[in-house]
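Beneath this line is the structure, given in structure tokens, with notes to follow.
We did not get these values from a lab; they are worked out from the coordinates using the rules stated. All values derive from a computational prediction rather than experimental measurement. When we count neighbours, we look across all protein chains shown, and the Cβ atoms used for this are built from the backbone with ideal geometry, even at glycine.
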Amino acid sequence: MRGFRIAVLLVFALILRSETWADTAPDVVIQAPEIDASKLGWGRHTFPVKIANKGEYLKYISVVGYVKCLTGENPPNRKVFKNYALFPGDSVTGEGILFVPGNYGDISFELKVYDVIDTLDQLMESQAINSQTGKFSVPVPDAVTPYMKKGFTLPPLVGRHIDFDNDFSKIAPFLIAKGKSVGEIAKATGCDTSYVVQELGYLTAGNYYRKEGSAYLSSIAAIEEEEAAGEKILAMKVAESLAAKLSENCKSYRQVIDSLVKSDMLDADSNSFMDGGTILYRP
């Protein structure tokens, strides 16, 4: 009887082991090239990722490329993903894309493949079935070092927009204002001419630049320190003049409000949001 129990337990253990192995067996086979970080630079990099569904169910696969700049006050990030649906026995050569923004300093990257339930779901690290990570650095060329040392001042929130969150997009207006060609911009910023053409083409489509022949003209006011010094004197004079007039007007401001109410030109209720004039109650 004891021997029978041991035999039953052994069979039960083998069944559990078999079922556990079946549940964790890889249904998706991934073949991706090894990424050489030393060859990465600004722009779009595409890597072929071969995916095969060896299981018996439909599979949804997401191939995601993450790039994170590590230098600067508000360093930019980029995320590019491609989704694929594979029936049992299907295979496809997908794309792994790393898009490196035009930023100097240290940059890290991750290329990950996820086996997901639905491509609209939030990606979870437990779903990652293949990944490559690495880091590289883009040095600041001598020609643009003065710009990088002085820094840039942009209108509020503009510097966080994807069009101007990287070093290249901030430097380009100054170089274009000086009449630099595509080749000269590429040499000064330390990148390929193809990247300059790509970025200026994108920004031209957004009406930041316009192209005349082979030259680009900027619609962006690029003001350097020397130019700003003279304008600052005039600006301060205007600011002081306006401040003096506003200070004088503030003395009679409330009286003007009362006169507008008395003449029925303004609602007496300062919270009457249907009357646009009530904004005057908030000087």
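Observations on the structure shown:
- Residues of the range 173-196 classified as assigned to a helix (DSSP H, G or I), surrounded by 14 or more Cβ atoms within 10 Å (Cβ to Cβ) and free of Cβ contacts under 8 Å to residues at least 40 places away in the same chain, total: 7
Listed here are the residues, each with its yes/no results for (1) touching a Lys or Arg at 6+ places or on another chain (Cβ under 6 Å); (2) closer than 20 Å to D121 by Cα; (3) of a type in the set (K, R).
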position	(1), (2), (3)
K50	no, no, yes
K54	no, no, yes
I61	no, yes, no
Y66	yes, yes, no
L70	no, no, no
P75	no, no, no
V80	no, yes, no
N83	no, yes, no
S91	no, no, no
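- Within the range 245-265, the set of residues being among the small types (G, A, S), within 15 Å of G277 (Cα to Cα) and assigned to a helix (DSSP H, G or I) comprises S259 only.
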